[in-house]
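These notes are about the structure you will find just below.
The values are calculated or read from the model by the stated rules, or taken from the named source; none is laboratory data. What you are looking at is a predicted structure, and each value in this text was computed from that prediction instead of being measured. Positions of Cβ are backbone-derived with ideal geometry, glycine not excepted, and every protein chain shown enters the neighbour counts. Just the protein is used for accessible areas: all its heavy atoms, side chains included, with ligands, DNA and RNA removed. Shrake-Rupley method; radii C 1.70, N 1.55, O 1.52, S 1.80 Å.
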Amino acid sequence: KAGVTQTPRYLIKTRGQQVTLSCSPISGHRSVSWYQQTPGQGLQFLFEYFSETQRNKGNFPGRFSGRQFSNSRSEMNVSTLELGDSALYLCASSLEGDGNQPQHFGDGTRLSIL
Amino acid sequence: GQNIDQPTEMTATEGAIVQINCTYQTSGFNGLFWYQQHAGEAPTFLSYNVLDGLEEKGRFSSFLSRSKGYSYLLLKELQMKDSASYLCAARGSNYQLIWGAGTKLIIKP
């Protein structure tokens, strides 16, 4: 069974640009969550999608947005990039995001802003 | 508010036992997860507790006390490959996982 796939693995952008990251969950998983991880900061929750609807949202500015498609694949978009957006962006999927269902993580997209 | 606390860093010796503590405060509670994350890699699931008590999985065990809002991960017979960050996460009442900042475990020979 294929795991969570994130593309691209690495990305370099400049301030002011926008970026779109993609996540394909494990087959059958309907919940997809996005996280930002920077050194020493742990996992910062961005948002969670379930059945094409945003079910939960973290405390990030409106420049960060996402969506989920009918096949459960998800994308996140960051507009007007800032230097502080440099981070590892992780996507995690689970069956329905409830109870004892663990989240399974992709390898992440490492975004560098110049 | 909702938050999770765990130590920033711990050091232990190869072959020894180490206990990583986690205290949590959530709106509602639907279980607690432990994950392992090696440097440069994605987190991987280790254990889940929803009832009080100890869950054992080989060299790793996880304990939960719901009344105290407390959990620990116990690692026995430490190996060098156990050097990693260990993340504690609690599931609240709205499906969301609340994550701790992680405990970096350093294993010395």
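Have a look at A:Gln68, A:Thr80, A:Gln37 and report the one farthest towards the positive end of the charge dipole of chain A, computed about the Cα centre with Cβ charges (Lys/Arg +1, Asp/Glu -1). Ranked along the dipole, the leading option is A:Thr80. Reducing the stretch A:65-87 and the stretch B:1-37 to their Cα centroids gives an inter-centroid distance of 29 Å. Past the 29 Å Cα-Cα mark, which pairs from A:Lys57/B:Lys57; A:Lys13/A:Lys57; B:Lys57/B:Lys104; A:Lys13/B:Lys108; B:Lys68/B:Lys104? Pairs exceeding the cut-off: A:Lys57/B:Lys57; A:Lys13/B:Lys108.
Buried accessible surface for the B/A pair, both sides summed and rounded to the nearest 100, is 1500 Å² with a 1.4 Å probe. Burial here means at least 10 square angstrom less accessible surface with every protein chain in place than with the chain by itself, probed at 1.4 Å; in the stretch A:6-38 the buried residues are A:Tyr35, A:Gln37.
So, with a 1.4 angstrom probe, what is the percent of accessible area on the stretch B:38-108 that is carbon and sulfur? Taking all protein chains in place, the stretch B:38-108 shows 52 percent carbon and sulfur surface. The fraction of accessible area contributed by carbon and sulfur in chain A is 46 percent, rounded to a whole number (1.4 Å probe; ligands and nucleic acids excluded).
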